[in-house]
Amino acid sequence: MHPWMQEFRYAGRMLRKTPGLTAVIVLSLAIGIGANSAIFSVVDALLLRPLPYPQPERLAAIWIHSPGIGIFRDWPSPGQYVDLVNENHSFEEISISRLTSWTLNGLDQPYRINGMRTSSHLFRLLGARPLYGRLLLPEEDKPGKPPVAILSYALWRRLFQSDPKVVGRSITLNGSQFLVTGVLRPDFRLNSEVMPAEGPMDKADIFLPLPLGADAAQRRGDENYNLMARLKPGVSLQQAQADVDRIAARIREKDKRDRTFGMSVVGLLDQVVGDVRRALLVLLGSVTLVLLSACANVANILLTRAAVREKEVAIRIAMGAGWQRLVRQLLIESVLLAVMGGAAGLLLAWWSLQVMRAINPGNIPRLEDIHINAGVLAFTFAISLLTGILFGLAPAWRALKVDLNTSLKAGGRSGQASGGLRVTRHRLRGLLVISELALSLMLLIGAGLLIRSFVRLQSVPPGFTTDRVLAMQVAAAGTRYREDKAVVQFYREIGDRIAHLPGVTAQGVVSTLPLTGSVGWGGINVEGFTPAPGQELQVDIRIASTDYFPTLEIPLRNGRFFSDHDTAEGQQVAIIDDRFARRFWPRDNPIGKHLWFDPKKPMTIVGVVGTVKQYGLDDEGKIVAYFPQQQNPGNMMFLAVRTASDPALVSGAVVSQIHAVDPNVAVYEIRTMADRLHDSLARRRFSTVMLGAFALFALVLAAVGVYGVMSYLVSQGTHDIGVRVALGAQRGDIVGMVVRQGCELVAFGVAAGLIGALALTRVMASLLFGVSATDWITFSAVAVGLALVAVAATWLPARRATAINPIAALREE
């Protein structure tokens, strides 16, 4: 048999002799390696693996911004698209798209379908291919062509039962007929991560042409379009940005824009990953610390095991075994343990990813692309091998320093007389425990800061009441609703019907509901305020019905809510939030002041309401102006319904009442406001729970490490303790002596951990809310807590030391 095989068989026999110890080691490594493999699979999918498009490194999105007026990212206009196409020197091709949705009728029920109007360039940019039929043609980018539609593979399967004969048929979208000319292949995906929309849209399922007429260059205020471009070969993002800056400067002068107006070129991968990159890197660093802590703990266990095996090692050396073979044997045992831990960790990583997909925390883009692949398997194998070598070095080093005379004379007692209780005599074990404590403290402080941040965020009032409120989107689309009066009448009628349902206490509609991801802002003029040249006041614009504010219990600060008298024929009115009022009339009454889009149509402020957290509890948002739905009817509205009990119980009845008015109206996104608020915190909750779990595991490892070392020292110092007791040492003296030794380790570990935490938490600063990265309360509380846990772990061996029989201890010597 080959010598290596003999070594592996021998290592297996040694591990089977101590099944409990082997299980503890494998479990510790499984958690450390499994956590690393799971997080690496996420990093691999998001940061290392390219996007599923041809030459994705050359793809970029183009945005506009005006930070001077509070716009940090906005959608460009057709006019700006024309400027870029005509004047750029960096792009091979540019597409223009507008994400929207339609009501699909003619099936068993109305469906709301997310999709986009787009130029034919988009499919070429993203390498899309048809499964059936064809894609958009270049000539369909111009007006005058018959309306056509392209279906996604998912939509084709879901609503058309994978019928290839749908190509060539007509479908009804918003009351108009479109000819289906193609179905996309299943490998083509275009979701909100790649192309963000103004409203809540997960992915695009239908594609219509976007014909731009001769007036496209003059359409400069309609800033609601996505631009995607492919860089020319050899052109970098920096060069493209410089090119776009030149074009933006000319647009700024031509259109008399705000002096901070500009355009940004964002690599498509950066757009998809977004702000998740930093959170991922923090989690990756955290699981690395957990793995190092696990290695330190296992190394300590193996050192203790090596001490027990000193006589065996000494006998093998005495019989002529070379040091190379002994080191190899011990490293093989360590690597075998690590491989077993890696295999278990791989199962744990797979299970973790299934859980992650199930809970879908909302902060992980491309979630469907994250899985255990060959790269993750290679990473797991490599980290297992490295881990085995890393924690196997300590016992191997000890084996090289075995004293034959001492070990053989000790009669198998592992050198108890030579050890003593001093930590300084066991520097390697002490350093390992100090490292565990330091790593644990760093993770605990990071988790503590995230927990405090999350608690602070949860205590932020959203500005409305979420309890017992059901919300949904309603789309009054089609030829029936082309007139404003028809839209107003529809929403009035469904409002009357829903208000009389049993259990319903209030109902109202709004154009943009809080915490849905929808945006809606624009420029407005305010009485008594003259903006700087080229600037405009940007506010969030909301269209709301008479009963919307009472339904969400948004408080009235001054004036009145909208009433049934605020019709199109009456005085044009508006309601502002209290931030708006404080900004422009801090010492005056805003009631009776005026706003306007058109100078000939001023709107009188009739009320001031409380501030609502529109985009999240951690987002201040813009100041808000509300306008009555009867004066500014919108086809697509959010309906909110307040109930006396569980809102889910009335959802079916509400939808029935809407369809009783018009069965062709789509009703979708039916969820409670409590669920929306809960989901808005998903990103922070996920990061907090993950880091908290890693920190807890590291704390357990550190406590076990302290306990193990102090237990070993007590067992090694049995003779010394027996002598002290024989000379009159009291129980308290023995406990104090052992605890003091443990406190030395704790003090060094806490000091090192505090230094490391100062560096780690600065990286986390952007993940915190309302808490400083160097928050002294968190640092102090966690340090004291860890010290108490570690001292408690020391106290247990100290109590055992008091039970040592001095006569038996002296006889053993």
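On the beta carbon distance between SER645 and TYR668, with R0 = 25 Å, the FRET formula returns roughly 0.60. Since only HIS121, TRP102, VAL82 are under comparison, the one whose Cα sits farthest along the positive direction of the charge dipole of segment 81-122, derived from C-beta charges on Lys, Arg, Asp and Glu, is TRP102. Modelled this way, with points 7 Å down the Cα-to-C-beta line, the labels at ALA765 and THR604 are 5.1 nm from one another. Restriction of the trypsin sites (Lys or Arg not before Pro) in segment 484-581 to DSSP coil positions whose beta-carbon has at most 15 other beta-carbons within 10 angstrom yields ARG560.
Distant-in-sequence amide contacts of GLU92, defined by a placed amide H-H separation under 5 Å and a gap of 5 or more residues or a different chain, comprise ARG230, LEU231, LYS232.
Taking the Kirkwood radius as Rh and the Cα radius of gyration as Rg, segment 538-662 has a ratio of Rg/Rh equal to 1.00. In this rough spin-label picture, where each label sits 7 Å from Cα along the Cβ direction, the PHE597-ALA653 distance is 3.7 nm. The alpha-carbon of LYS485 sits under 16 angstrom from the alpha-carbon of none of the lysines, leaving out residues fewer than 8 places away in its chain.
Extension gain for the segment SER264 to GLU368, taken as residue separation times 0.36 nm less the Cα-Cα distance, is 34.6 nm to one decimal.
For LYS600, the aspartates and glutamates whose Cα falls under 20 Å of its own Cα, not counting residues fewer than eight places away in the same chain, are GLU527, GLU536, ASP566, GLU569. Centroid-to-centroid, using Cα positions, segment 454-496 and segment 69-117 are 25 Å apart.
Couplings for segment 123-139, taken from phi via the Karplus curve 6.51 cos²θ - 1.76 cosθ + 1.60 with θ = phi - 60°, read 5, 5, 4, 9, x, 6, 9, x, 7, 9, x, 9, 9, 5, 9, x, 5 Hz in order; Gly and Pro are left as x.
Bridging of LYS203 to aspartates and glutamates at a Cα separation below 12 Å is possible for GLU193, once same-chain residues fewer than 8 apart are set aside.
Here r is the Cβ-Cβ distance between GLN161 and ARG357 and R0 is 25 Å; the resulting FRET efficiency, rounded to 0.05, is 0.45. With a cut-off of 16 Å on the backbone N, the residues of segment 64-107 near the modelled label site 7 Å out from ASP215 along Cα-Cβ are 78-80. Note on segment 544-627: dipole from Cβ charges, positive end direction compared against PHE562, MET603, LEU617; the farthest Cα belongs to MET603. Annotation: peptides 44-56, 341-353, 503-515, ranked by per-residue average of other Cβ atoms within 10 Å with the highest first, follow the order 503-515, 341-353, 44-56. Once you have the Cα-Cα distance between THR530 and ASP679, take 0.36 nm times their residue separation minus that, and quote the gain in nm to one decimal. Full extension of this stretch gives 49.6 nm more.
Every pair of different Cα atoms in segment 58-133 enters the Kirkwood calculation, which places the hydrodynamic radius at 15.4 Å. Measuring r between the beta carbons of ALA747 and VAL24 and using R0 = 35 Å, the FRET efficiency lands at 0.80. In segment 456-609, the DSSP beta bridges split such that about 70 percent are antiparallel, to the nearest 5. Taking 7 Å steps out from each Cα toward its Cβ at ASP588 and ARG16 produces label points 9.1 nm apart.
Expressed in nm to one decimal, what extension gain is obtained for the pair VAL784 and GLU57 from 0.36 nm per residue of sequence separation less their Cα-Cα distance? Result: 256.8 nm gained on full extension.
Every number here is computed from the coordinates shown, using simple stated rules; none is lab data. What you are looking at is a predicted structure, and each value in this text was computed from that prediction instead of being measured. Quick reminder, even Gly has a Cβ in these numbers, built from the backbone with ideal geometry, and neighbours come from all protein chains shown.
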